[in-house]
Amino acid sequence: MRDFHIRFPDSDRLYAMPSFDAPGSIEDAWNSLIDTSYEVLNAVQCPDQGMVPNWATIDVVNGELKLTCGAFSGSGTPQWEYGSEAARTTWRVALDAALFPDEMNNYAKPFLDPILATLDAGYSASETRAFAGQTFSTCNAYDCTGNAITVFGNWIWNSFIFAPTVSALVVPIDGVSNADQQAMIDYVGSVLAVNVASESYFPRCWTLIGSLTLGGAVESAGRLLASPDIKTTGIPCCSNNSSIASVGNAVTVTTRSKPA
């Protein structure tokens with residue numbers, strides 16, 4: 001959205017932009033939102049393993065965003081669990097890194113580094129699902145009495161959590177060679193492909209999203225979006241609905257790509 005607003009001339013905009021409290025350009029406003037979004041994630045992240053909870057409450061304390069340990073709930077999921085909501089956070093940050101590789105070292109990679117180190121430590125090609133079930137353990141780093149981040153049971157068998165979590169592998173792991181990480185991605189891709197036809201709606205959707213992410217589709221889209229010649233209208237693939245329908249049942253997802 002930041003890049004879209006930068007490229008879209010004010011004279012062509014058919015809607016009014018909101019007023020912002022802080023001075024500066026629309027790019028400055030978006031970058032401020034990005035900055036504070038990552039501050040929120042950093043405030044609630046388990047520092048050694050990288051997980052975040054499904055739900056969290058925060059406040060500004062002495063000018064910094066801090067976890068307040070208040071109660072919150074939604075979607076029927078436990079607040080202090082790395083579960084279905086929390087795993088999607090991992091994917092969203094991986095998406096940021098894949099779309100904007102030149103900026104990943106600013107926020108996305110530092111956030112994902114502890115997750116990647118945890119995945120690397122738990123990975124084994126001899127594991128049926130690529131990772132040991134105990135790859136992530138309970139995080140007791142929070143100063144919240146009785147509250148620590150637990151991990152969804154059997155997360156490696158639930159694609160709704162497994163796929164967005166392993167999507168982090170599009171970011172290079174420190175100390176791991178490209179060849180070794182490529183082998184890890186290839187094996188994880190083969191794991192995602194197992195029994196996908198028998199999955200229910202949400203796990204199947206996340207299997208597809210995770211496969212597209214690991215397969216380089218997001219990274220390729222990022223390179224396209226980075227082109228100064230990109231058009232905002234008239235997308236060729238979507239101009240003929242009948243052509244979309246004709247290939248809709250013949251899509252094949254592969255899972256081979258180098259780390260972003």
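Values computed for the structure shown
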quantity: Fraction of beta bridges assigned by DSSP in segment 2-227 that are antiparallel (%, nearest 5); calculated: 80
quantity: Contact order relative to length of segment 133-224, as percent, for alpha carbon pairs under 8 angstrom and 6 or more apart; calculated: 28
quantity: Hz values of 3J(HN,Hα) by residue in segment 67-75 - Karplus curve (6.51, -1.76, 1.60), Gly and Pro given as x; calculated: 5, 9, 6, x, 7, 7, 8, x, 6
quantity: Sequence of VAL176, VAL166, VAL171, VAL191 once ranked by neighbouring C-beta atoms within 10 Å, starting from the fewest; calculated: VAL176, VAL191, VAL171, VAL166
quantity: Relative packing of 42-48, 83-89, which averages over residues the other C-beta atoms within 10 Å, highest first; calculated: 83-89, 42-48
quantity: Student exercise, the chain dipole from Lys, Arg, Asp, Glu Cβ charges, in Debye to nearest 20; calculated: 860
quantity: Estimated 222 nm signal from helices in the chain, with DSSP H stretches of n ≥ 4 weighted -39500 (n - 2.57), rounded to 500; calculated: -13000 deg cm²/dmol
quantity: Gyration tensor (alpha-carbon) shape descriptor, the chain, a/c threshold 1.5; calculated: oblate
quantity: Nearest-20 debye value, segment 57-193 charge dipole, Cβ charges on Lys, Arg, Asp, Glu; calculated: 320
quantity: Exposure proxy ranking, count of Cβ atoms within 10 Å, fewest first, for THR128, THR68; calculated: THR128, THR68
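We did not get these values from a lab; they are worked out from the coordinates using the rules stated. Since we're looking at a predicted model, the values are computed, not measured. Glycine gets a Cβ as well: all are built from the backbone with ideal geometry, and neighbour counts include every protein chain shown.
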